Amino acid sequence: MIRPFTRASLLLFAVGLLAATGCTSSPGDPLGELVRRLEGSPVYSVILEDMRERGNFVKSYEHRYRAVWADQVEAGGDLTFQDRLGSWEQVDRRTYERYEPMLGMAIRSKKEGEVEETPQPPGYAYVGDERYGQWRNRNDGTSFWEFYGKYALFNHLFGHGQRPVRRSDWDLYRKERSARRPYFGPKGEFGTRGEFTRTTQPTFFERQQTRRAAGRQQFSEKVNRRIQRSRMSSTRSRSGSRGGK
C-alpha cells in the first residue's frame, strides 16, 4: 500500500540528507548517510536518479538519489511505501566514476533483512514476490509481471508502465544477481548507456550535449587564439628582418 508521507517519515529526511537545500562544501558519503538513515526500514531501494560534473579545470561531481522505502503499519500488516527525491549531493571522483554507468539504476536495496549492493533495474527487487503482484500470461505464451492495485504506483516510480518486466528478463536478472554482476537488461537498455534510460532521464543527456557543445566551442576558441598569436609572431618576425637590412 502506498500512502502519503507520515510525520515520522518526513522527520527522517528533514533532519538529514534528503532535506538538504544545497550540496555540501566538500565531498562526503551521501549514499552511506542515506543508507544509515534507512536502516530501520524493512524494505528500501536507493536509485541513482541523476548525476553531473561541474567545472572545467577544477571539477566537482554530484549525485541525486531517489529513495523508496517502506514503513510497517503493524506486526503482520501491510507495508506502507513512500518515496522521496533528494537534493544534489557532492561526491568524490572515485564514487562518481564507480557509478557512472548506473544512471537510473537501484544501486542499493534491502529486502528480507538483506542489503543488496549489486546494481539492478529499479523495482526488480519487488518482481516475483507475490506480496506485491503476480505473473500474467499472454496469448503468445510469454508472461509479464503485474503489480497489485495498491502497489500500482511502482509502475510510475520504476518505469514499468513503459516497459513491463517479462518473465524471461527476470530469469536472466536472477542469474546475473547470483553471480553478483550488475544487470542492465537483456539488450543493455538500462543504465547510463541504455535506450530505456534516455526516455526516463532526459535532462541528464540534455546536460551532456550542452557540456560537449561548450567544450567544442572552448576548444575552437583556443585553437583560433593560437593561430592568431602565431600569425602575429610571424608578422613581427618579418618586420624585424626588414628593419635590420
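Could you calculate the contour length gain from R198 to E100, that is, 0.36 nm times the residue separation minus the distance between their Cα atoms, to one decimal place in nm?
Once the chain is fully extended between R198 and E100, it gains 33.8 nm.
Please work out the FRET efficiency for the pair N139 and K175, using the Cβ-Cβ distance as r and a Förster radius of 25 Å; give the result to the nearest 0.05.
Efficiency, from the Cβ-Cβ distance: 0.40.
For the pairs K110/K187; K110/K150; K59/K187; K59/K111, flag any whose C-alpha to C-alpha distance is greater than 30 Å.
In this structure, K59/K187; K59/K111 exceed 30 Å between Cα atoms.
Among the trypsin sites (Lys or Arg not before Pro) in region 146-203, which ones are in a DSSP loop with at most 16 other Cβ atoms within 10 Å of the Cβ? Mind listing them?
Answer in residue order: R180, K187, R193.
For E112 and N56, compute 0.36 nm times the residue count separating them, minus their Cα-Cα distance, and round to one decimal in nm.
Here the segment from E112 to N56 would lengthen by 15.7 nm.
Hey, got a sec? Which chymotrypsin sites (Phe, Trp or Tyr not before Pro) in region 118-214 land in a DSSP loop and have at most 13 other Cβ atoms within 10 Å?
When the chymotrypsin sites (Phe, Trp or Tyr not before Pro) of region 118-214 are filtered for loop state and at most 13 Cβ neighbours within 10 Å, Y148 remain.
Using heavy-atom solvent-accessible surface (probe 1.4 Å) with all chains present, what is the largest-first order of S60, S168?
In descending accessible area the options line up as S168, S60.
Compute the label zone of L85 within region 25-63: residues whose backbone N is under 14 Å from the point 7 Å along Cα-to-Cβ.
Under 14 Å, as judged by backbone N against the label point of L85, lie 47-51 of region 25-63.
Run through region 31-99 and list the GluC sites (Glu not before Pro) located in a DSSP loop whose Cβ has at most 12 other Cβ atoms within 10 Å.
Taking region 31-99 and a limit of 12 other Cβ atoms within 10 Å, the loop GluC sites (Glu not before Pro) found are E39, E74.
The values are calculated or read from the model by the stated rules, or taken from the named source; none is laboratory data. Keep in mind the model is a prediction, meaning the values are calculated, not measured. Glycine gets a Cβ as well: all are built from the backbone with ideal geometry, and neighbour counts include every protein chain shown. Accessible surface areas use protein heavy atoms only, side chains included; no ligands, DNA or RNA. Shrake-Rupley method; radii C 1.70, N 1.55, O 1.52, S 1.80 Å.
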